[in-house]
Amino acid sequence: MHKVIDLEPRAWLDSQPMEGGDLVMHYLEQLGVEYVFGVPGGAIEPLYNALARSARRGGPRAVVARHETGAAFMADGYARESGRLGVCCATTGPGATNMITGVASAFDNRIPMLVLTAQTALPSFGRGAVQESSCTGVNTLAMFAGCTRYNTLVSHPEQLEHKLVAALMTALAPPRGPAHLSVPLDLLRTRVAARPQDHIAHLAGGAEAVDYKACAELTRRLAQARKPVLVVGEGAREAAGLLETLAWNRSIPLLCTPHGKGLVNPWHPCFCGVFGFAGHDSARAVLSDPDVDLVVAAGTGLGEWASDGWASSALLSERLVHVDALVTNLVRSPMASLHVIGHPAPVFEFVLERLRPGRLSGPRGTLAGAVQQAINREQLPFRLDDQTGWRADLRPLKPQRLMRELARCFPAGTRFFADNGNSMVWGIHYLHPRSMLVGGGRRVSEGDFRACLEFAPMGWAIGSAVGAAFADPRRPMVCITGDGSLLMSGQELTVAVQHHLPVVFVVLNDSALGMVRHGQRLGGAERIGYALPEVDLVAMAQAMGARGQRIDSAQDLLGLDVAAMLGADRPTLLDVRIDPDEVPPMAARVRALQGGV
């Protein structure tokens, strides 16, 4: 859910001429947007003029990224952490095309985002202007068509307000995602006669429609099921506490998809692990049990990674009941015996209210107490594929042990951002922070683990962690990335340096594109194109103005002064030299690439 800041009427609306850029800023203020991430340029200069005026009166401020894709990644991270709209902007031509990867990622992951790109002035269309990207040049509007939920050129001053409102509402309403406005230079600086309407924020977010007849049938099936299973996806954020309570009360095995990791407390006694890409054998074993007669999956799109490569014998079977607010997700489960259309939170409120305590058969004691006991014993309720590597005290450092120590070193409430590649694979399987927040009704789980699946761009976690730090500078932010991603997008560290953000960047350094290397090995492919040069990443970080430290062993990790890092006025980079021969749990992905669906 997005957050809204109520603003007093702005005297500046009547005291100053309003340019097109000022109109944009007024609407962003209504939605509580604090930052606009982008890279300036000539054609978008009027928007930056409006941002300067906005910043002086306490409205949205400009954050200059080092690359436009980084700006989109920052807007993505800001939106995830703040619950507000993410906003990014770019100038015309290459500025707009540079931004497309970050926008496409937000589209696939349903991140609410306003994307503003400039065009050369309208009279110059078709005349070969520098960086022209209109329909008569390099047509950027057409490029954005496939990765946005709303995409339009503002061709007249009178269009700006209603197209802007349409873009904002589309970005924030289910299924959410990026909305793109392409605005010519002359229209951005044109004075507009509009006096913007206040209080549009209540229109955003969509209605909470629920099929209560289907909810009643779900309740009946749960009451009668001999051996049900609950699966939590990314769309069940507001239902996390309800699902944890339901699992505890009725002793139901509880799983999550890779997208839902972090929404469920991994120390919950009923939690059996992650099902899907980089998941756990214990989770697969639960769904492979022939005695399981009901599988309830909530808030998941059931794509390749969430379904373990479309494993029909496990998740995608007639045992499935699929609960989701988005019909676009429900159409992916035609084999399900029941579809429940509705937001998972009110659906499971309905279910729990009718499965009264007198009918519950769950264990005695409090859920919080059981979780604390598991943490104290350091006994996860599910199996890791490699328990030995998770505890190994060897040089070079095992990635499994790295994930274990990261969870132990950083305080509760830390956000871990796992970049695409080996970082994400190791993180999904082995990183299990010690969160105590469990149960509690309709609790919005912010999640302590974040990854960018589906489109899965390298470098996403770097920009996203910085954007999240802008949203909540007091919360510990840890970016787990690889040396390949850092060499691709590491320049965004300087944004954290410039703005004194103590983001911690943990870099898995194996001088390789690790996922490519291990994928070739597992799939029997030619060994080519994965090697990277050895780079002193500590020196690189220090040259950028960040703190840097090399990590060779678990003892190095245990000796870190985490409080000093999190209290610093700049980011810290940990150059972690991992064992390059450790193979991450990615066999399902290799099978899918080879057509073994």
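Each value in this text was obtained by applying a stated rule to the coordinates, not by laboratory testing. Remember, predicted model here, so these are calculated numbers, not experimental data. So basically every Cβ, Gly included, is an ideal-geometry build from the backbone, and we count neighbours across all protein chains shown.
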Checklist entry - Simple spin-label model, 7 Å along Cα-to-Cβ: K213 to Q379 in nm? => result 4.8 nm
Checklist entry - Which of G276, L242, A541 sits closest to the plus end of the dipole of the chain, meaning its Cα is farthest towards the positive end, when Lys and Arg get +1 and Asp and Glu get -1 on the C-beta? => result L242
Item to check | Rg ratio (alpha-carbon, reference 2.2 N^0.38 Å) - segment 386-593 | outcome: 0.98
Checklist outcome for this item: Going from the fewest other Cβ atoms within 10 Å to the most, one would list I100, I375 as I375, I100
Checklist entry - Mean separation of Cα pairs under 8 Å and 6+ residues apart, divided by the residue count of segment 386-593: what relative contact order is that in percent? => result 25 percent
Next on the checklist: What does the extension gain come out to for A531 and R391, with contour length at 0.36 nm per residue minus their alpha carbon separation?
Outcome noted: 47.6 nm
Next on the checklist: Can you compute the modelled spin-label distance between H500 and V130, with each label point 7 Å from Cα toward Cβ, in nm?
Outcome noted: 3.7 nm
Checklist outcome for this item: Taking the dipole of the chain about the Cα centre (Lys, Arg +1; Asp, Glu -1; charges at Cβ), the one of S485, A50, Q400 that reaches farthest to the positive side is Q400
Checklist entry - So what is the relative contact order of segment 212-372, in percent, for Cα pairs below 8 Å that sit 6 or more residues apart? => result 28 percent
Next on the checklist: How much length would be gained if the chain were fully extended between R354 and N49, taking 0.36 nm per residue of separation minus their Cα-Cα distance, in nm to one decimal?
Outcome noted: 104.1 nm
Checklist entry - What ranking do F470, F449 get, fewest neighbouring Cβ atoms within 10 angstrom at the top? => result F470, F449
Checklist entry - How many lysine pairs does the chain hold where the Cα atoms are under 28 Å apart and the two sit 8 or more places apart or on different chains? => result 5
Checklist entry - Taking Rh as the Kirkwood radius, which is the inverse of the mean 1/r over Cα pairs, what is the Rg/Rh value for segment 457-547? => result 1.05
Checklist entry - Over the chain, what is the relative contact order in whole percent, taking alpha-carbon pairs under 8 Å and six or more residues apart? => result 13 percent
Item to check | For the chain, alpha-carbon Rg and Dmax in angstrom | outcome: 24.4, 77
Next on the checklist: Under a Cβ-only charge scheme (Lys and Arg +1, Asp and Glu -1), can you give me the dipole magnitude of the chain about the Cα centre, in debye to the nearest 20?
Outcome noted: 1100 debye
Checklist outcome for this item: Final fewest-first order of I551, I44, I252 on the 10 Å Cβ neighbour count is I252, I551, I44
Checklist entry - Taking 0.36 nm per residue of separation and subtracting the Cα-Cα distance, what length does fully extending V444 through R521 add? => result 23.6 nm
